[in-house]
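Have a look at the structure below before the remarks.
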Amino acid sequence: MTPRRPALNASLMCADPMDLGAEVAALAAAGIDMFHCDIMDGVFVPNVTLGLYQVAAIAAAADVPVEAHLMVSRPEDYIEPLAEAGVRCITVHAESTVHLSRLLYRIADAGVGVGLSLNPATPVASAEDVIHLVDLLQVMTVDPGFAGQAFLPRAVERVAEAGALLRRRGRDRTLLQVDGSVNLDTIPEVVAAGADSLVLGSSSLFQVPRDQYPDRIARLRRTADVQFAG
Ligand code: DX5
Ligand code: ZN
């Protein structure tokens, strides 16, 4: 698999909720590659963040592609509304449905990218039999639900396992995304393990005030691009 320059994906649950429009505009102007929108229902995970209406408003306002990360107990209810709202990729949790294959086909049928996310306790190998449907494979490096958690010990190994699965199954175009505590300390090791899309939240991009987003994105990109420079 040819290494790709890693994509920088801003986690908007970590943006200023009182000024979301200005945050989206500033990040787009600063050259971010994607917007990651965490949708939670307080049931699948014990928290509530962005909802369907906010994500639709973000998708309508942004020129940057929007990816929705569904952490909900009934993901089926969100697929068509999100696709109609202009979201480019819908990422669902393997653990959130009994009928994962059906759900992934439903996302594909809605005409958007198919994302599959794996909790830290879900074996990477469990993606094997649906991987042919997946455009974005997301490895959670924290338990989902909250920003600002610690990077889990087996995280890097799991990213490498996911990369190996994609290579073995010829999924060259599937993005390998990492979500949770992705920052200046952890980016070198997750990129070396094969990650090519990085979800940036409270421990990296949103540590700085809005006027410093261009500098912070440039620094994160330099850190992520290290293997291309070498
Ligand atoms: C976790 C969320 C992430 C989180 C990542 O469920 O999906 O988007 O905000 O950012 P950190 O860990 O750096 O706060
Ligand atoms: Zn997320």
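The values are calculated or read from the model by the stated rules, or taken from the named source; none is laboratory data. All values derive from a computational prediction rather than experimental measurement. All Cβ positions, glycine included, derive from the backbone under ideal geometry; neighbour counts span all protein chains shown.
In table form, for the structure just shown:
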item	result
Flag if Asp196 is within 16 Å of ligand 2 (Cβ to nearest atom), touching a Pro at 6+ places or on another chain (Cβ under 8 Å) and charged (D, E, K, R)	no
Verdict on Val142 being closer than 28 Å to Ala59 by Cα and at pLDDT 95 or above	yes
Candidates Ala30, Ala68, Ala25, filtered to the one that is surrounded by 16 or more Cβ atoms within 10 Å (Cβ to Cβ) and away from ligand 2 (no atom under 16 Å from the Cβ)	Ala30
Verdict on Arg106 being within 18 Å of the chain's Cα centre (by Cα) and surrounded by fewer than 21 Cβ atoms within 10 Å (Cβ to Cβ)	no
Which listed residue, of Phe35, Phe44, is within 15 Å of ligand 1 (Cβ to nearest atom), within 24 Å of Leu175 (Cα to Cα) and of a type in the set (Phe, Trp, Tyr)	Phe35
Looking only at segment 42-63, and only at residues there that are within 14 Å of ligand 2 (Cβ to nearest atom) and of a type outside the set (Val, Ile, Thr), the one that is surrounded by the most Cβ atoms within 10 Å (Cβ to Cβ)	Leu50
Enumerated strands (runs of 3 or more DSSP E) restricted to segment 113-182, each holding at least 1 residues that are more than 18 Å from Ser96 (Cβ to Cβ)	175-179
Counted residues, segment 139-155 - those being more than 9 Å from ligand 1 (Cβ to nearest atom) and either within 21 Å of Asp77 (Cα to Cα) or not hydrophobic (A, V, I, L, M, F, W, C) (or both)	2
Residues being hydroxyl-bearing (Ser, Thr, Tyr) and under 23 Å from Asp129 (Cβ atoms) - total across segment 155-187	1
Filter pass, Glu95 being among the acidic types (Asp, Glu), touching a strand residue (DSSP E or B) at 6+ places or on another chain (Cβ under 9 Å), at pLDDT 95 or above and within 16 Å of ligand 2 (Cβ to nearest atom)	yes
Condition check for Gly180: within 15 Å of ligand 2 (Cβ to nearest atom) and touching a residue at least 24 places away in the same chain (Cβ under 8 Å)	yes
Residues of segment 188-223 that turn out to be over 27 Å from Leu133 (Cα atoms) and surrounded by 21 or more Cβ atoms within 10 Å (Cβ to Cβ), as a count	8
Failed criterion for Glu67 (all others in (1) over 18 Å from Val114 (Cα atoms); (2) within 14 Å of the chain's Cα centre (by Cα) hold)	(1)
Test for Val66: is it farther than 28 Å from Thr223 by Cα, within 15 Å of ligand 1 (Cβ to nearest atom) and in contact (Cβ under 8 Å) with a residue 12 or more places away in the chain	no
